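Student: I'd like to ask you about the structure that follows.
The values are calculated or read from the model by the stated rules, or taken from the named source; none is laboratory data. Small disclaimer: the values here were computed from a predicted structure and weren't measured. In this analysis, Cβ positions are derived from the backbone assuming ideal geometry, glycine residues included, and neighbour counts consider all displayed protein chains. When the accessible area is computed, the model is the full protein with side chains, heavy atoms only, and any ligands, DNA or RNA have been set aside. Shrake-Rupley method; radii C 1.70, N 1.55, O 1.52, S 1.80 Å.
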Amino acid sequence: MYDDNCTFCKIIKGEIPSTKVYEDDKMYVFKDIEPKAKVHLLAIPKDHFKLLSEMNGQRAMVIAYMLSKIPQIAADNGCANGYRLVVNQGDDAGQTVNHLHIHILGGENLPW
Ligand code: AMP
Ligand code: ZN
């Protein structure tokens, strides 16, 4: 479930500090340390995997669950007027952390 070398697994376990905005048994949401918008959150499943191509049925259910929770989490954190979701996949997308994460960007009229 966890990868001992993964930054985001360490964040979930509390071994690396983070600014948590939401947590339940399946997912964890925290503020990005280098925000690219006024509001920049990262939503991660508690189960460690890197790519959407690694999803099995159980993981797909968790990702669907996360998408169902994100609208309320976004609204509660300054994105009531809209937001953008981004999922970087692999090297060409510049994925730097090998734990699937959904960027939630908003809090302003996004310039790009
Ligand atoms: P990506 O480029 O899609 O892999 O995004 C990784 C994101 O994780 C970047 O936006 C980083 O700023 C963010 N990040 C990396 N380490 C941390 C950390 N310890 N706490 C919060 N955000 C982090
Ligand atoms: Zn991980």
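Student: Mind grabbing the base-10 log of I(q)/I(0) for the chain at q = 0.20 Å⁻¹? Debye formula, identical points on the C-alpha positions, no solvent, two decimal places.
Tutor: So the normalised log intensities are -1.13.
Student: For every other residue with a beta carbon closer than 12 angstrom to the beta carbon of D24, add +1 if it is Lys or Arg and -1 if Asp or Glu, then tell me the sum.
Tutor: Details: positive: K20, K26, K46, K69; negative: E23, D25.
So the surrounding residues net to +2.
Student: Under a 1.4 angstrom probe, counting protein chains only, how are M55, M27, M1 ranked by accessible area, largest first?
Tutor: Details: M55 70, M27 0, M1 135 Å².
Final ranking, largest accessible area leading: M1, M55, M27.
Student: Lone cysteines in the chain, going by a 4.7 Å Cβ-Cβ cut-off?
Tutor: Among the cysteines of the chain, those whose Cβ sits 4.7 Å or more from every other are C79.
Student: Here is a follow-up. Explain nothing, just the number: dipole magnitude of the chain about its Cα centre with +1 on each Lys and Arg Cβ and -1 on each Asp and Glu Cβ, in debye rounded to the nearest 20. Numbers along the way, then the final one.
Tutor: Numbers: 12 positive and 14 negative charges, 47 e Å.
The dipole of the chain has a size of about 220 debye.
Student: How big is the accessible area of M61 in square angstrom, nearest 10, if you roll a 1.4 angstrom probe over the protein chains?
Tutor: Answer for M61: close to 130 Å² accessible.
Student: Can you tell me the 0 to 90 degree angle between the C-alpha axis of helix 57-76 and the longest principal axis of the chain, rounded to 10?
Tutor: Roughly 30 degrees, rounded to the nearest 10.
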